[in-house]
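The block underneath contains the structure these notes are about, expressed in structure tokens.
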Amino acid sequence: MQNLPRNILRSQCLHFRGLATVPNRQVRNPRQLFKPHTKEQKDTRPLRPPPPPIVPQGLQAELDKLLANLDQAHKRKSLLEAHSQWSSLQSQGLLPHVPNREFASLNVLLSTLTPALLSSSIAADPTTARLRLKALQDLRDLAVILAAQAGTTTHLVQLMELSLQEGRVEEVFDTWKKFETLIPPQPSGSNGEVQNQTEVTARRQLSRPVLQAYAAQQDYRSAITSVLRRRCFLSSKITDSAKSLASPADRFLQVVGAVIKIIRNGATRDVLEGFTRGNNPKFAMHFYETLLAPGQSPDTPWVLIAKERPTALDETDWSTRPLFHMGEPAFSMFVAEFARCNRVDLAQRVADDMTHLGFTVPDLILNILLDGYAKTRDFTAAGRIYAQLSEGGKTPDIFAHTTLINALFQQGAVDDAMALFRRAEKLFGGEGKDSLHVVTYNAVVHGLLINGRATDAEAIVDLMRKSTSGPQPDTVTYNTLLRHYGRKSDAANFVRILQNLAASGLEPDGYTYTTIVDTLLQSNRPDAVTRMLDVMERAKIPANTATYTAIIDCLIRRKGEKNVRAALQLVNKMEADGIPANEVTFTSLLAGVTRDDDLPAMVQKQLADEIMAKMTARGMEPNRITQNFLLLAALKTDNRTGVDQAMRIWREAIAEKGSPGHIPHTTYFILLNGLAKNERYDHLQEVLEYIFRSGWQPKGSLEKLIKQLSREIALRG
């Protein structure tokens, strides 16, 4: 490992660059390999510009005197004297003329004094407590000067966090105001947005305690406005809506982040989908309750709950205008997301709130509620919503009828469901009317089948086939019948429905082939594949490469060595019948084998080798996807043979491509992760050295992985 640079990752912000001048055999200097990533490091420059060379007339002597006293105060580590001298410099406007060395000395002083005060506890004696608070105030004043003038914020952040911990929120706001007052003038954009990147860096460090102070006061407007104007910055860890946060302050900041995303992007639905990802609507409900919470300023509420958004609002004045409009579209989105999470109770609560707030609940929301109650089998509530849709002589649309028909069939009320279907036919069927949708017919067919009324279901399908104005049966219609007869092991009707599907001119879909596979393999007969092909032939489903590949894919998805062997048997059969297997066929096989965690690693490799041998015998070269699956199979074996095979695949790839940049990032991810898992650091070193010397510059996650592995190798010596 002596050839790998040991301190290759000393810098935190590094990226690759070309290595045309680096010797191929050995790399000693990591500076040859990496250079600072200027995009990430540009914000770390000092906030403070160089001191102006000219001191205002009559103040040079005073400045020299104060600087001399300041030097003595720093040497004696006297907080009182240092505070006095720095305060004098500030009051006389001399801070811009202070040399940088004095700020370095101030940083040393704060590093000495701050830890002791941070670790001290609040004294019971009033006099001692007052002295402690005075010392903390003096430290904060000095830390503000250091942060605003020199960009060093560590001490100020610690002191602000201490104020929060001890419940002195106003100290944080007072400190923040002083910081903003002392910042050297910088160019700003419209609406007061901070644009200077060096100032942004300092503000970013101080944002956390400031926003937590806003959280303590539940001041959403100030927090949101500060972030919108880029005077404060939210951490991406907080704004990630997929995370569940327990801290009230973090939940406050998550609401702030959500509102800001909506204001900037107008993507309310995307934000709500992020909240309910993983069917966890807990934070979405917290967000909703926050938007409707009382206690906002009656004169300038930050949430406007109204049917219409006033057009006379000044959209650029964030300090007074509402920041979020809670109108019918927003309510509808909350209802849809809660229903998607199967929390129809929360969706109903939103609809009830709309009624209490004077809104008319639209049919869209009622349809969502109807569907939600039907899915949760609350048939009483579903009937109530349907009745609500019918109030005032209105006619619920065809989708509301379909939802209730489904619910009635699920309840076992077949006669009621059919009566509602006949009513829908009269309302929506026939010439000059909104046509009944095929989804409605499919719902009726499915409902009749689950209630043991197969004859009636077939009669509905025959009616559809003979109709000249209504919808024709689609693939879903035939799949529904196939699934029913397959579960009943009714081979005659199963084949007949397949024949009808083929005769209709419709193409079988993935669900069709899955149904065929499930039906004919559930008997565990050794001739299941042959029987499957016989059924397809009798049903006149065309036997071609695409059909065989679809069935092979279905077999592979069932997992297990038996199904993989059946798929390989099917490949032999199709080629014996003169139907060539293509690269897609074999790639599908390899994908299924490598993704099947139920297969032992050795069996996976054995099957992958068999598939690869078939490809080679047919003169097929593995493509990029095939190579990745072969790598996965080889590296899962956890033995020397498999790793050596993976390295051979990689070496052949780079010999063919000529450059690592022509090999996909995914391939490197698979190879590097597999080698690390198998602890083959010799091969890891070979791959990494090749990347370093080639001049290729990987990006994103692959770059991070390479740095991590390089660090691990360096630590191992």
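Coordinate-derived values only; no laboratory data. For clarity, every value in this text was computed on a predicted model and none was experimentally measured. Virtual Cβ from ideal backbone geometry, glycine too; neighbours counted across all protein chains shown.
Suppose R0 equals 25 Å. What FRET efficiency, 1/(1 + (r/R0)^6) with r the Cβ-Cβ distance, do residue 584 and residue 617 give to the nearest 0.05?
0.90
What's the FRET efficiency of residue 419 with residue 576 using the Cβ-Cβ distance as r and R₀ = 51 Å, to the nearest 0.05?
Computed FRET efficiency for residue 419 and residue 576: 0.40.
Using only the Cα atoms of segment 321-392, build the gyration tensor, take square roots of its eigenvalues as a ≥ b ≥ c, and label the shape rounded, prolate or oblate: rounded if a/c is under 1.5, else prolate if a/b is larger than b/c, else oblate.
It is oblate, given that a/c is not under 1.5 and a/b is not larger than b/c.
Quickly work out the residue 545-to-residue 673 label distance, labels modelled 7 Å from Cα along the C-beta direction, and quote it in nm with one decimal.
3.1
Pull out the extension gain between residue 57 and residue 355, defined as 0.36 nm times the separation in residues minus the alpha carbon to alpha carbon distance; nm, one decimal.
That works out to 100.2 nm of additional length.
Peptides 208-215, 128-135: what's the order by average Cβ count within 10 Å, highest mean first?
So the order, starting with the most tightly packed, is 208-215, 128-135.
For the pair residue 376 and residue 507, what calculated FRET efficiency results from E = 1/(1 + (r/R0)^6), where r is the Cβ-Cβ distance and R0 = 30 Å, to the nearest 0.05?
According to the calculation, E is roughly 0.30.
Within segment 479-518, which residues have the backbone N less than 20 Å from the label spot 7 Å out from residue 472 along Cα→beta-carbon, could you tell me?
Flagged as within label range: 479-482, 496-510, 512.
With the contact rule set at Cα under 8 Å and sequence spacing of 6 or more, what percent relative contact order holds for segment 122-182?
Contact order relative to length: 32 percent.
Quick check: pseudo-label points 7 Å beyond the Cα along Cα→Cβ at residue 456 and residue 654, how many nm apart are they?
The modelled label-to-label distance comes out at 7.0 nm.
Going by average Cβ neighbours within 10 Å, how do the peptides 504-513, 569-578, 171-180 rank, with the highest at the top? Intermediate results must be reported in sequence, preceding the final value.
Details: 504-513: 16.3, 569-578: 14.6, 171-180: 18.9.
My ranking of the peptides, most packed first, is 171-180, 504-513, 569-578.
Can you check what the net charge comes to around residue 364, using other residues whose Cβ is under 13 Å from the Cβ of residue 364 (Lys, Arg +1; Asp, Glu -1)?
Charge balance near residue 364 sits at -4.
Applying a 10 Å radius around every beta-carbon, put 458-470, 248-260, 106-118 in order of their mean neighbour count, most first.
Packing order, densest peptide first, comes out as 248-260, 106-118, 458-470.
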